[in-house]
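Working notes for the structure below.
The values are calculated or read from the model by the stated rules, or taken from the named source; none is laboratory data. Note that the structure is a prediction, hence the values are computed from the model and not measured. Cβ coordinates were reconstructed from backbone atoms using ideal geometry, including for glycine residues, and neighbour counts include every protein chain displayed. Keep in mind that these areas ignore ligands, DNA and RNA; they rest on the heavy atoms of the full protein, side chains included. Shrake-Rupley method; radii C 1.70, N 1.55, O 1.52, S 1.80 Å.
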Amino acid sequence: MSSSPVRWEPSYTVPPGAEARSSGTPGPMQLPEFLQKYPWPEEWLKLRKPLDNLWCFELDATPQELWPHLADTSTFNHRLGTNPMVFTERDGRVFGRATNAGTRMVWEEIPWEWEYAKGLNNTRIYREGFLHVGRARYLLSEIGPRRTRFYAYFGWIPRGVGGAIKARLGAVYIRRQFARVLKEIVTSLQQVQLPVELPLPVSDLEPGAMMRLVNIRHALDRAGVAPQVRDRLFQLVEQAPDLDVHRIRVRKLVRAWNIPERTLLGAFLHATRHGLFTLTWDVLCPHCRGVRTELAHLGDVPPKGTCDICGIDFDVTAVNSLEVTFHIHPTIRHVTPQLYCSAEPARRAHIVVQKTLPPGMATEMNTLMDEGRYRIRLRGSLQFGLLDVLPGAEQTSFTWSSEELPPQVTSVRLHPTLTLKNPTAAPVTFTVERDSLDTDALRPVDLFCFQDFRDLFSEEAVAADMQLDIGTRTVLFTDLVGSTRLYEEEGDTVAFASVRRHFIKAYETVRQHDGAIIKTIGDAVMAVFARPADAVRTALDLQSYFNGSNPETNLRLRISLHTGPCLGVRLNQNMDLFGSTVNLAAKMQAAADAGHVVFTRVVREDLGVEQVLAQGGHTAESLDFELKWSGARMELFRVTVK
């Protein structure tokens, strides 16, 4: 939040024209009531008498509509007109520095607390500057249909008279800026448009960058990147604010630009290969989702990671512990993002409640948690409980003591009341977060299943002793039927040419259906797909082409596929897949012959696969298959393509 000071003398203001309009609504909270509810700690009161300021604004918008704008305190502060800030992290603590009123300010940030669409607070302990301590709190409460009462509180303990003078000079300005920015936000919400924001800094291109950009443009044209996509990339590189391109997340741009994901990702990969961008493998904390390390190569990724802020060690090989991001190449433009606040509530938007309780304390909060599944956990612990918020649930409240791990799954009604208790002798931080994936994150598996990446970055693979969990994928194997007879009858030269054409056709078909060739084994192909339906489409198309009566080829194939969890490993310096899913898909070749596509029940029951089979008029027959290595039997399904 803003590090700029406000008035030292206690004050309370309701902006002109913002008086309560809701019949029967209690009047706004006064400063004494606020300080009784949120008192200063005794140890800080010994430094000097605190100087408090409380403002109240009544706004024509819901708390949920206002929350994204208020929680993004960096953008909000920039619009207020505050100076840029620099933040560093050391030993699990966050430190900041800025220049305010001509004075260098250096502080430590006490961990933020917030509750979704209800409020947030932040405290800073200053090491340099005209303050000892500064604290700020936002509160929101709904007082009528699309009507919210918003409190902004700022409290300071100054170092001396000079600090008090600087505070008085800044108080009127900050108060006026609050009214202006809030009015802009509410107006934009009523007009269903984004609020007008101040321009963010854009660093200059490096010397010689223009010539390099010309060469890269020609290279992308030769690579087949669509001109309109190429132009969007160059516009991003040349004009986007530093904050927007510090970590470029392709999936956010896919939505913003309305470009198919594979088209845009392919363009980024080609542009990276030609020096417009760099690519990093970012190690993410599974709790706060903050970047712990940025690595240039997948082979440098360690098996374990640490987040001192959250107090945990975690497994980097897990599906959601790595994210792939792009950055403008430093020879084109050196990007240094400017922040106007650490903005923890916005950077950790998946967290709906973060609350630290002193020893022996408890608190009750009436939340605005919507329908969905939430994880509840304590700082420093990898264990968690699950909370399902459902419209029809019987319970309306939930109590959580730091000494007890909650039941694995508890169901409560919408907007439940949470009671948090800390009976221990040490402070405890409670966290409630949405149990959902970050849909903006591009994961390593998204690249492993993308043929452009495997073609352009074939050298990228995990370390030799590491296995990366890449989640559930569909693995497909093809094999030539009668290849030995082919070589005997046609001779090595003619047979090899036929097999090579088969590889080219397989490559084209797999790529067409959003898969990737992992490797070829003799005259067989191994491919991987994100969706079972794409794998089945590929198999049916290949069997239709290699049908035995095609004048272009007389080759026949057998194809097997299976869906399940896979591991990414290094094999012969390349990225390969490993695990029981891969092994079973390969062994299932024994149940197939020419023109057959064989797959497991998990594939058969996929809704997309049912649609593919129905559209093609294909019937899947059930067959009994013996797993020779174990003697067990399983049901497979077989489609014969005629």
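Whole-Hz Karplus values for segment 368-374 come out as 10, 5, 7, 4, x, 9, 10 Hz, taken residue by residue from phi with 6.51 cos²θ - 1.76 cosθ + 1.60 and θ = phi - 60°; glycine and proline positions read x.
Counting helices only, and only those DSSP H runs with n ≥ 4, report the 222 nm mean residue ellipticity of the chain as the sum of -39,500 (n - 2.57) divided by its residues, in deg cm²/dmol to the nearest 500. Before the final figure, lay out the partial values.
Details: 19 runs with 190 residues, N = 642.
Taking each H run of at least 4 residues, the total per residue is -8500 deg cm²/dmol.
Enclosing the Cα atoms of segment 546-598 in their convex hull gives a volume equal to 103 cubic angstrom per residue.
Scan segment 561-635 for chymotrypsin sites (Phe, Trp or Tyr not before Pro) in coil per DSSP, keeping those whose Cβ has at most 12 other Cβ atoms within 10 Å, and list them by number.
On the way: sites: Phe578, Phe599, Phe625, Trp629; in loops: Trp629.
Loop-located and lightly packed - Trp629.
Using every pair of distinct Cα positions in the chain, the Kirkwood expression returns a hydrodynamic radius of 28.6 angstrom. Considering only Cα atoms, the convex hull volume of segment 169-325 works out to 192 Å³ per residue. Computed in the context of the full set of protein chains, the accessible area of segment 216-375 at 1.4 Å probe radius has 49% of its extent on carbon or sulfur.
Exposure check, 1.4 Å probe, all protein chains in place: Lys505 carries approximately 60 Å² of accessible surface.
Applied to segment 114-130, the Karplus parametrisation 6.51 cos²θ - 1.76 cosθ + 1.60 on θ = phi - 60° returns per-residue 3J(HN,Hα) values of 7, 9, 3, 6, 10, x, 8, 8, 8, 10, 10, 9, 8, 9, 9, x, 9 Hz, with x for Gly and Pro. Once the C-beta distance of Arg251 and Glu490 is scaled by a Förster radius of 45 Å, the resulting FRET efficiency is 0.40 to the nearest 0.05.
Tell me the net charge near Ala362. Cut-off is 13 Å between Cβ atoms, Ala362 excluded, with +1 for each Lys or Arg and -1 for each Asp or Glu. Display every interim value, and only then the final one.
Values: positive: Lys355, Lys421; negative: Glu364, Glu403.
Combined, the nearby Lys, Arg, Asp and Glu give 0.
Orientation-averaged projection of segment 145-237 equals 12.2 nm² [convex hull of Cα atoms, one quarter of hull surface area]. Within the straight-line cut-off of under 28 Å between alpha carbons, the lysines reachable from Lys519 are Lys505, Lys587, Lys628, Lys642, sequence neighbours fewer than 8 places apart in one chain being disregarded.
Computed from the alpha carbon positions, the gyration tensor of segment 284-351 leads to an equivalent ellipsoid with semi-axes of 22, 19, 10 Å, biggest first. Of the residues Thr640, Gly522, Gln383, the one whose Cα sits farthest towards the positive end of the charge dipole of the chain is Gln383 (charges of +1 on Lys and Arg Cβ, -1 on Asp and Glu Cβ, taken about the Cα centre). Calculate I(q)/I(0) for segment 536-642 by the Debye formula, one identical point scatterer on each C-alpha and no solvent, and give its log10 at q = 0.15, 0.19 Å⁻¹ to two decimals. Reported log10 I(q)/I(0), two decimals: -0.70, -1.01. Taking amide H positions as modeled 1.01 Å from N, with prolines and chain starts lacking one, the residues under 5 Å from Tyr340 and 5 or more places away or on another chain are Met85.
Sequence-ordered 3J(HN,Hα) estimates for segment 331-348 from the Karplus curve with 6.51, -1.76 and 1.60 and θ = phi - 60° stand at 6, 8, 7, 8, 9, 10, x, 9, 10, 10, 4, 6, 6, 4, x, 7, 6, 10 Hz, glycine and proline given as x. Annotation: the antiparallel percentage among DSSP beta bridges lying fully within segment 342-426 is about 55. Considering only the Cα atoms of segment 278-434, their convex hull presents on average a projected area of 11.3 nm². In a simple Cβ point-charge model (Lys, Arg +1; Asp, Glu -1; nothing else charged), the chain has a dipole of about 1920 debye relative to its Cα centre.
Per residue, the accessible area of the chain comes to 45 Å², computed with a 1.4 Å probe over protein heavy atoms only.
Lys642 to Glu605: extension gain in nm, 0.36 nm per residue of separation minus the Cα-Cα distance? All intermediate terms of the calculation are to be shown ahead of the outcome.
Working: separation 37, 0.36 × 37 = 13.32 nm, distance 2.29 nm.
Between Lys642 and Glu605, full extension yields 11.0 nm more.
The length gained by stretching the chain between Arg104 and Leu386 to full extension, at 0.36 nm per residue less their Cα-Cα distance, is 97.0 nm. Protein-only accessible surface at a 1.4 angstrom probe places the residues Ser321, Ser436 in the order Ser436, Ser321, largest first.
Modelled spin labels at Thr263 and Lys587, positioned 7 Å past Cα toward Cβ, are 4.4 nm from each other.
What is the gain in length, in nm to one decimal, between Met634 and Val319 on full extension, counting 0.36 nm per residue of separation less the C-alpha to C-alpha distance?
Numbers: separation 315, 0.36 × 315 = 113.40 nm, distance 2.86 nm.
That works out to 110.5 nm of additional length.
Here segment 503-580 is treated with +1 on each Lys and Arg Cβ and -1 on each Asp and Glu Cβ, and its dipole about the Cα centre works out to around 120 debye.
For the chain, with the dipole built from +1 on Lys and Arg beta-carbon atoms and -1 on Asp and Glu ones, taken about the Cα centre, which of Leu233, Cys310, Leu357 lies farthest toward the positive end? Farthest along the dipole direction, towards plus: Leu357.
Remark on segment 98-168: ratio of C-alpha radius of gyration to 2.2 N^0.38 Å is 1.36.
Once the Cα gyration tensor of segment 413-539 is found, what semi-axes does its equivalent ellipsoid get, as square roots of 5 times the eigenvalues, in whole Å, sorted largest first?
Numbers: eigenvalues 486, 53, 31 Å².
The three semi-axes for segment 413-539 are 49, 16, 12 Å.
In segment 401-466, what GluC sites (Glu not before Pro) fall in a loop by DSSP, with at most 14 other Cβ atoms inside 10 Å? List each step's numbers first, then the result.
Numbers: sites: Glu403, Glu404, Glu433, Glu459, Glu460; in loops: Glu403, Glu404, Glu459, Glu460.
For GluC sites (Glu not before Pro) across segment 401-466 that sit outside H, G, I, E and B with at most 14 neighbouring Cβ atoms in 10 Å, the list reads Glu403, Glu404, Glu459.
Ranking of Glu43, Glu626, Glu394 by solvent-accessible surface, largest first: Glu394, Glu43, Glu626 (1.4 Å probe, protein heavy atoms only, all chains present).
Using mean Cβ contacts within 10 Å as the protection proxy, how do 235-242, 566-573 order, highest first? Mind dumping the intermediate values first?
On the way: 235-242: 15.6, 566-573: 17.1.
Result, highest mean first: 566-573, 235-242.
Annotation: amide H-H contacts under 5 Å for Glu113 (H modelled 1.01 Å from N, sequence separation of 5 or more, or interchain): Asn121.
Excluding Val301 itself, calculate the net charge of residues whose Cβ lies under 14 Å from the Cβ of Val301, where each Lys or Arg counts +1 and each Asp or Glu counts -1. Spelling it out: positives minus negatives among the neighbours equals -4.
Once you list every other residue whose beta carbon is under 9 Å from the beta carbon of Leu480, what net charge do they have if Lys and Arg are +1 and Asp and Glu are -1?
Details: positive: Arg556, Arg558; negative: Asp479, Asp523.
Charge balance near Leu480 sits at 0.
Based on the mean of other Cβ atoms within 10 Å per residue, sort peptides 88-94, 497-503 so the most packed one is first. Intermediate values should be presented prior to the final figure.
Working: 88-94: 11.7, 497-503: 15.4.
Packing order, densest peptide first, comes out as 497-503, 88-94.
Loop-located GluC sites (Glu not before Pro) in segment 313-379 (DSSP state not H, G, I, E or B) with no more than 14 neighbouring Cβ atoms inside 10 Å: Glu371.
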